[in-house]
């Protein structure tokens with residue numbers, strides 16, 4: 001059961017990355033903001049990189065699940081990534097409480113679960129699924 | 001060769017941290033007053049760009065350490081580097097002919113780091129086969 005939850009949280013983070021990226025066609029009218037310069041010209045691309053971050057975070061968790069026992073170095077790196085993702089997600093929701101969608105709540109649940117499972121894998125290496 | 005590979009990983013990590021820190025300089029205020037939904041979050045998504053660079057550096061360091069023994073790690077690292085490089089290409093395209101100083105100063109080192117990491121990944125994958 002716990003192993004299944006571990007896998008679901010990693011896949012959940014990864015798949016929500018796709019949904020996040022496809023959201024740019026819904027939330028942005030222009031792919032490049034007209035009449036702007038510097039970073040103000042690129043909001044769509046930075047929105048998209050949020051989805052890429054979720055792919056990389058979910059990918060790290062999947063690597064931890066499959067190779068965490070043979071390549072122990074994956075576990076601390078995944079833990080660092082998960083902690084940063086959780087802090088970022090909380091910051092995102094505090095910054096924009098009016099935009100607290102069910103998907104964002106679900107993502108936070110997956111990220112917290114993935115963090116807990118990674119801490120578990122770090123503390124009890126032999127219990128980590130191979 | 002290994003030293004050069006590690007150098008690109010460190011460059012990626014440090015540029016990712018610099019990218020994260022630059023959020024607080026480039027976006028004032030962090031959330032545009034009166035804005036809502038996705039329009040209220042550009043600073044945070046810019047911040048996540050730096051996080052993704054750090055994660056890419058993490059995947060590359062995993063490849064260097066374990067890629068010979070566990071080949072799929074090398075392929076995941078290569079894929080992550082290609083995706084980040086493609087994103088950088090899009091950013092460069094958006095800024096091209098508009099703000100070349102901004103482009104060269106901030107994104108020039110990233111081109112070197114990600115381009116170098118791609119080269120190192122390709123060499124690694126060819127060597128592993």
**Request:** Using a 10 angstrom cutoff on alpha carbons, build the Gaussian network for chain B and name the most mobile of B:65, B:40, B:107.
**Result:** B:40
**Prompt:** What is the Å³ per residue value for the convex hull set by the Cα atoms of region B:20-94?
**Reply:** 97 Å³
**Asked** Under the classification rounded if a/c is under 1.5, otherwise prolate if a/b is larger than b/c and oblate if not, where does chain B fall, given a ≥ b ≥ c as square roots of the Cα gyration tensor eigenvalues?
**Response** prolate
**Request:** Within 10 Å, count the other beta carbons around each residue, average over each peptide in A:29-37, A:57-65, and list them highest first.
**Result:** A:57-65, A:29-37
**Prompt:** Based solely on its DSSP helices, what 222 nm [θ] is calculated for chain A when runs of n ≥ 4 H residues each add -39,500 (n - 2.57) and the sum is averaged over all residues, nearest 500 deg cm²/dmol?
**Reply:** -24500 deg cm²/dmol
**Request:** Could you tell me how many degrees, from 0 to 90 and to the nearest 10, lie between the Cα long axis of helix B:2-26 and the main elongation axis, the longest principal axis, of the Cα atoms of chain B?
**Result:** 10 degrees
**Prompt:** Which whole number gives the average count of other chain Cβ atoms within 10 Å of the Cβ atoms across peptide A:32-44?
**Reply:** 5
**Asked** Quick one: helix B:71-95 against the long Cα principal axis of chain B, what's the angle to the nearest 10°, folded into 0 to 90?
**Response** 30 degrees
**Asked** Pairing the Cα long axis of helix A:2-22 with the longest principal axis of chain A, what angle in degrees results, from 0 to 90 and rounded to the nearest 10?
**Response** 20 degrees
**Complete:** Across A:40, A:81, A:71, the residue with the highest GNM fluctuation in chain A (Cα network, 10 Å cutoff) is A:40
**Message:** Treating only the Cα positions of region A:2-127 as identical point scatterers, give the base-10 log of I(q)/I(0) from the Debye formula at each q in 0.14, 0.18 Å⁻¹.
**Reply:** -0.64, -0.93
**Message:** I need the fraction of alpha carbon pairs in the protein assembly as shown separated by more than 23 Å, rounded to a whole percent.
**Reply:** 51 percent
**Prompt:** Per-residue mean of other chain beta-carbon atoms within 10 angstrom of the beta-carbon, peptide B:63-72?
**Reply:** 3
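Computed from the coordinates by the stated procedures, all read-outs in this text should not be read as laboratory data. Only a predicted model underlies this, so the values are computations on that prediction, with no experimental measurement involved. Cβ: placed from backbone, ideal geometry, glycine included. Neighbour counts: every protein chain shown.
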